[in-house]
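J.: What follows is a single structure, and I will ask about it in a moment.
None of the figures in this text is laboratory data; all of them are computed from the coordinates on show. Because the structure is a prediction, the values reported are computed rather than measured.
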Amino acid sequence: MTLRLVVLVSGSGTNLQALLDACADPAYGAEVVAVGADRDGILALERAERAGLPTYVLRVKDYATRADWDAAFTQATARHEPDLVVSAGFMKLAGETFLARFGGRYVNTHPALLPSFPGMHGARDALAYGVKVTGCTLFVVDAGVDTGAIMAQRAVEVADDDTVEALHERIKTAERAMLVETVGRAARDGFTVEGRRVRFGQP
Ligand code: GRF
């Protein structure tokens with residue numbers, strides 16, 4: 001059984017591209033079936049279109065309320081019957097409806113070692129704090145902000161002369177490897193979430 005992935009994006013889509021490249025190998029065990037976004041005009045959508053994938057874009061400002069957007073985004077995602085939804089640079093928090101539908105099989109990659117530096121600026125906040133080691137985290141999304149059970153992490157050293165951009169690019173290199181390895185493992189072995197622990201393998 002090939003794991004059906006829907007990938008959610010908001011930017012350049014290099015994490016999406018890493019997954020697309022990995023899925024080209026049938027032994028990987030997963031396929032990207034659609035790409036969803038909260039905005040138009042991003043390189044990630046061009047990557048999806050180049051791969052011949054269906055895409056959908058739902059902008060929050062086109063809906064009367066955030067809850068309306070969340071319900072519509074849930075339906076648009078469900079239409080593709082994902083086994084796993086992967087947020088790869090998606091910059092919107094999932095609402096109740098989305099989590100009710102996909103909770104437990106909705107994962108997000110974050111450019112910091114959670115629980116440190118949650119939120120929109122993980123790399124910037126780590127650099128500003130002066131940590132010597134930061135990194136990236138893949139976690140199962142829950143109702144909090146970057147608080148879900150952790151599936152994988154990779155450490156990245158901070159250089160003395162690092163800028164936010166240089167550090168984030170180095171984090172993203174580690175992040176793409178973490179994402180590809182972990183999603184592949186989930187596809188081949190399955191995973192379960194027990195409290196704050198994620199266990200791979202069939203329950
Ligand atoms: C990634 O570092 C992700 O963790 C963060 O934004 C970046 C998106 O990069 N939220 P890309 O769009 O996958 O290139």
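J.: Grab the Cα-Cα distance for residue 166 and residue 40, subtract it from 0.36 nm times how many residues apart they are, and report the gain in nm with one decimal.
T.: Extra length from residue 166 to residue 40 when fully extended: 42.8 nm.
J.: Can you give me the long-range amide H partners of residue 87? Hydrogens built in the peptide plane at 1.01 Å from N, cutoff under 5 Å, separation of 5 or more residues or another chain.
T.: 8, 107, 108, 109
J.: Scan around residue 57 for amide H atoms under 5 Å from its own, H built in the peptide plane at 1.01 Å from N, and keep only partners 5 or more places away or cross-chain.
T.: Amide H neighbours of residue 57, under 5 Å, 5+ apart: 37.
J.: Just the number, please: percent antiparallel of the DSSP beta bridges in the chain, rounded to the nearest 5.
T.: 45
J.: Could you tell me which of rounded, prolate or oblate describes the stretch 81-171, using a ≥ b ≥ c as the square roots of the eigenvalues of the alpha-carbon gyration tensor, with rounded for a/c under 1.5 and, failing that, prolate when a/b is larger than b/c and oblate otherwise?
T.: Cα axes put the stretch 81-171 in the prolate bin.
J.: Antiparallel versus total DSSP beta bridges in the stretch 1-82: what percent is that, nearest 5?
T.: 0
J.: Still on this model: Compute log10 of I(q)/I(0) for the chain with the Debye formula, placing one identical point scatterer on every Cα and leaving out solvent, at q = 0.13 Å⁻¹, to two decimals.
T.: Taking Cα atoms of the chain as identical point scatterers yields -0.68.
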